[in-house]
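Below: one structure, written as structure tokens.
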């Protein structure tokens, strides 16, 4: 559905014509029917990428295709829905007028425009606010009507820039459900975010962008599976106080829980040594739990690595 | 259809703005004031009303054209509403023409309402009706269209304050181009003459649209003049719009 090849963007800013690289050789692909999460810290180039795809800015290098057609072909947008980041809308329009206006831009007939607008407003929970001017909308309501306008043309591909930002937990769940509902209808969803728990729940695949460079891409499982067990939690009992002291020196952290002691290790070698120590001193290992990384760990690690390079 | 949708939306935007109403309100107030002023003069009552009314219609029209015109594009950029428009199947030129057409419609509504009030005031207080006054209003409208197009062009690449300054400058110089020509004729240096002559032909000659004095004093204005002035205005608007589209097409919306 979306393919980019070596996409790059260099902004020239200010009087001194300083060059700022926002995107470096981005090559990626979003497949039909998947929910694709585009992750990255603030300023990573996520919005820049989406703006290039939407034709708001022109890339300084590389190419991109949406639904098989190269960027610049306006007709592609007939099957596309887009929600910008922190959307602002024409606040002098009522919700219904607003939806009607966007319907017109797609050349949708009057009858269908009205039906779709009514249906979508209901769907995003704004059925009660049809005749309210947008200037009276709360932030959450703005975000919802933003999503509604992105769906007015029943698009095949929906691109959302930070759809969860500014929403409360319930609003976020509703957006998640909405995205899953679209996926069930066979739509492709490409969205940027930095709210990671949501990504783990709903994304088929993700890409992590740091400082304009693609650091990782794949399914959440692949990304997490690719990591070794990062830490080990070992609970022991029956150790003398000085043994516990020795254990504490090997571990990152040790917590006493009644007769038991829980030690945490970040280094497999040290964990191995600790096990030997426990056996040697006649203690018992009650449990040994390896902790695999979460998407958050990967994210944080990629951001750190990106920062150092 | 798409241009029309943008135009209607722009029309609503301006019409639902309080600033627009206050401007129209003041313009109507001055129409009313012209009646009071005319009462202070002897004999020439109708001329005072006509003079002041035509001037106020023109002045407030220019204020609307400049201050709404410079905001047409910059507001969309600043509020980022343009993101949702450009991401729809619409070409950038359609957006720009729609914005222009929207304001042109607003100005048409303004001119119509003002002319109506003007004719009514004139009829009630002097018992006369003079159709030639409407010709003057027509040319004022064409002038407003030119100024709006200039404001639109500047706003595609510049900040609102600068755009307003540039447009105001164009408006003022546009009324003084005859002076430029006179200066060119008297200028000793060939270079200065060339520059002044270039400016004379390049900048819009807005005094072409000013027949207020003539119609107030019942001096006949030939139809051919009206026709030529309209054609000149339309051509100038077309050139400005093409330039605006060319600039806008290349812009990155950061």
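Quick look at the values:
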quantity: Every residue from the stretch A:98-113 that is without any contact (Cβ under 8 Å) to a residue 12 or more places away in the chain, more than 9 Å from every other protein chain (Cβ to nearest Cβ) and outside any helix (DSSP H, G or I); calculated: A:109
quantity: Boolean, residue A:116 is free of Cβ contacts under 8 Å to residues at least 40 places away in the same chain, under 26 Å from residue A:48 (Cα atoms) and buried (at least 20 other Cβ atoms within 10 Å of the Cβ); calculated: no
quantity: Residues that are farther than 18 Å from residue B:113 by Cβ, free of Cβ contacts under 8 Å to residues at least 40 places away in the same chain and facing chain A (nearest Cβ under 10 Å), drawn from the stretch B:1-47; calculated: B:1
quantity: Residue satisfying condition, being modelled with pLDDT of 85 or more, surrounded by fewer than 17 Cβ atoms within 10 Å (Cβ to Cβ) and closer than 30 Å to residue A:23 by Cα, within set A:218, A:307; calculated: A:218
quantity: Filtered residue count, the stretch B:163-180, keeping only those that are part of a helix (DSSP H, G or I), in contact with a helix residue (DSSP H, G or I) (Cβ under 7 Å, 6 or more places away or on another chain) and either more than 24 Å from residue B:111 (Cα to Cα) or without any contact (Cβ under 8 Å) to a residue 40 or more places away in the chain (or both); calculated: 6
quantity: Residue count for the stretch A:65-88, restricted to those that are more than 10 Å from every other protein chain (Cβ to nearest Cβ) and surrounded by 21 or more Cβ atoms within 10 Å (Cβ to Cβ); calculated: 1
quantity: Qualifying residue in the stretch A:48-55 (condition: away from chain B (no Cβ under 11 Å) and in contact with a strand residue (DSSP E or B) (Cβ under 7 Å, 6 or more places away or on another chain)); calculated: yes
quantity: Flag if residue B:96 is at pLDDT 90 or above and within 22 Å of residue B:147 (Cβ to Cβ); calculated: yes
quantity: Residues located in the stretch A:132-174, provided they are touching a strand residue (DSSP E or B) at 6+ places or on another chain (Cβ under 7 Å), closer than 18 Å to residue A:198 by Cβ and in a loop (DSSP other than H, G, I, E, B); calculated: A:162, A:163, A:164
quantity: The stretch A:272-295, residues that are part of a strand (DSSP E or B) and more than 30 Å from residue A:196 (Cα to Cα); calculated: A:284, A:285, A:286
quantity: Some residue of the stretch A:89-97 being at the interface with chain B (Cβ under 8 Å from one of its Cβ atoms) and within 17 Å of residue B:86 (Cβ to Cβ); calculated: yes
quantity: Residue that is within 23 Å of residue B:162 (Cβ to Cβ), within 20 Å of the chain's Cα centre (by Cα), buried (at least 16 other Cβ atoms within 10 Å of the Cβ) and within 14 Å of chain A (Cβ to nearest Cβ), where the choices are B:98, B:61, B:71; calculated: B:71
quantity: Criterion (closer than 28 Å to residue B:220 by Cβ and either buried (at least 21 other Cβ atoms within 10 Å of the Cβ) or at pLDDT below 95 (or both)) met by exactly one of B:162, B:144, B:153, B:199; calculated: B:144
quantity: Pair list, Cβ under 9 Å, 6 or more apart: the stretch A:164-175 residue not assigned by TED's automatic domain parsing to the domain that holds residue A:199, other residue surrounded by 16 or more Cβ atoms within 10 Å (Cβ to Cβ); calculated: none
quantity: Hits in the stretch A:75-93 - residues which are in contact with a helix residue (DSSP H, G or I) (Cβ under 9 Å, 6 or more places away or on another chain) and farther than 13 Å from residue A:146 by Cα; calculated: A:77, A:80, A:92, A:93
quantity: Among residues of the stretch B:198-229, those that are touching a helix residue (DSSP H, G or I) at 6+ places or on another chain (Cβ under 7 Å), closer than 16 Å to residue B:174 by Cβ and either in a helix (DSSP H, G or I) or touching a residue at least 60 places away in the same chain (Cβ under 8 Å) (or both), counted; calculated: 9
quantity: Hey, residue A:125 surrounded by fewer than 20 Cβ atoms within 10 Å (Cβ to Cβ), at positive phi, more than 9 Å from every other protein chain (Cβ to nearest Cβ) and free of Cβ contacts under 8 Å to residues at least 40 places away in the same chain or not; calculated: no
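Conditions (1) in a strand (DSSP E or B); (2) surrounded by 14 or more Cβ atoms within 10 Å (Cβ to Cβ); (3) in contact (Cβ under 8 Å) with a residue 60 or more places away in the chain; (4) in contact with a strand residue (DSSP E or B) (Cβ under 7 Å, 6 or more places away or on another chain), marked per residue:
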| site | (1), (2), (3), (4) |
| --- | --- |
| A:192 | yes, yes, yes, yes |
| A:200 | no, yes, yes, no |
| A:207 | yes, yes, yes, yes |
| A:232 | yes, yes, no, yes |
| A:246 | no, yes, no, no |
| A:256 | yes, no, no, no |
| A:261 | yes, yes, no, yes |
| A:264 | yes, yes, no, yes |
| A:269 | no, no, no, no |
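The values are calculated or read from the model by the stated rules, or taken from the named source; none is laboratory data. What you see is a predicted model, and the numbers here were worked out from it, not measured in a lab. In this analysis, Cβ positions are derived from the backbone assuming ideal geometry, glycine residues included, and neighbour counts consider all displayed protein chains.
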